[in-house]
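Notes for the one structure printed next.
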Amino acid sequence: MATPLLWLTLFFCASLSSFAASAAGLRLELTHVDAKGNFTAEERLRRATERTHRRLASMGMGVAAPVRWSETQYLAAYLIGDPPQRAEAAVDTGSNLIWTQCAECRLIPGGRCFHQDLPYYNSSRSRTARPVPCSSAACAAAETQCSRGRGGEAEECAVAAGYGAGSVVGVLGTEAFAFASGTMARLAFGCVLASELTPGSLDGASGIIGLGRGALSLVSQLGGGGAKKFSYCLTPYLRGAAAKPSHLFVGASASGVSGGAPATSVPFAENPEEYPFSSFYYLPLVEMSVGKTKLAVAASAFARRRVAAGMWAGGVVIDSGSPFTTLVDVAYRALRAELVRQLGASRLVRPLPRTGGFDLCVPRGDAGGEVVVPPLVLHFGGGGDLVVPPENYWGPVDADTECMVVFNSAAGPGGSLPFNETTIIGNYMQQDVHLLYDLANGVLSFQTADCSSM
């Protein structure tokens, strides 16, 4: 179980109700955070770069910091309680807990609220709010701990979660959730009463919907009857106002795309037992190619290893909350060197310093003629390949320049164990790819798709 920085008390008097989920599954519309602003493609890419750098910096604050959300990317709206109250959450495959900020954060001594665009959820105004008792199986999850009074009697199930952007604490309850697809379910969630988060890191959202492997994640709670799976398809977010919403499917509604490009399936790599590493989605990456040229990088560069008790470094994590992909040093250097060889050193240009520290760029459009960037191919154990088109690992940084938006995990303020040895496949590389996480069978399937048409 996690040990929080602060356990707070909230009293309830109703009993726990059983979970309920729709047999049809869940469909959620996802909105990219930059859709709220009138940003150009270059500004969107710059903002994503800043999020990536802040995320890596936050990871370097200590080896206990988990590889998970620190800057929001995709938001989902839902209703909570009866009568319903509006809420909006960041969707994150790197964590488990579903949580929303609660109005009591303004009333309890020591409570700290962060800014959100919608009103705070108020459990006292809901007829369906219930506490989770310490005796419940839900209170045995990694993010929970039974909080006791001075006399030693059990009072409540407290909850805490740590992220790259800070931490939140509160109490675990159950509540009625309703989604735009018409799905309704009673879910266990964290009613957050205090937080220490980087200002603005949630971009006005009310909380987080975790999609990790843990018992309290949305996919685990809705995954009854062998339907423990979810899928999503992310539309390219550099299209600005023309970009359509992305979509997330959980449970029975999650499936592959019929027709179109063939689907490829790879087994998930084995997870460590220790939390939070047990929550992540590791993939068996063994090789990389630039065009038809394989890089001289050993499969061991992508292997996971124990660096301390309960602490793991290395491995390859696919993450919906990270904007750009980060590669371990040896893989990044090999990728950059091969691209320089294929593109030609004479064609490379230096971007303006304010564009984010990119170190591999080419002229864009009329600035120097078209430069053909080769695709990047990720080779996974079991024979599956993910072909990454240039637009999913390069992007426009200004009117005249386009740069590779893959970073070295060992560079910058976040370059310390365990993260300088970890490869993270970010959501920019996942655009216009339909990904199906089949947890029941331990397989990730992916196929190229027009996500705007789903």
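What the table shows:
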| quantity | calculated |
| --- | --- |
| Region 178-307, accessible surface, carbon-and-sulfur percent (1.4 angstrom probe) | 53 |
| Inter-probe distance in nm under a simple model that places probes 7 Å from Cα toward Cβ, at VAL349 and ALA180 | 3.8 |
| Label point distance in nm, LEU107-ASP329, each placed 7 Å from Cα along Cα→Cβ | 5.3 |
| Solvent-accessible surface ranking, highest first, for LYS228, LYS292, LYS244 at 1.4 angstrom | LYS292, LYS244, LYS228 |
| Nearest-0.05 FRET efficiency for ASN441 and ASP400, computed from C-beta distance (R0 35 Å) | 0.15 |
| Per-peptide average of other Cβ atoms within 10 Å, ordering 275-288, 183-196, 382-395 highest first | 183-196, 275-288, 382-395 |
| Prolate/oblate/rounded call for region 115-192, Cα gyration tensor, a/c under 1.5 rounded | prolate |
| Debye equation applied to the C-alpha atoms of region 166-205, log10 I(q)/I(0) at 0.17 Å⁻¹ | -0.63 |
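The values are calculated or read from the model by the stated rules, or taken from the named source; none is laboratory data. Source: prediction; values computed, not measured. Using ideal geometry, Cβ is built from the backbone for each residue, glycine included, and neighbour counts are taken over all protein chains shown. Please note that ligands, DNA and RNA were not included when accessible areas were found on the heavy atoms of the full protein model with its side chains. Shrake-Rupley method; radii C 1.70, N 1.55, O 1.52, S 1.80 Å.
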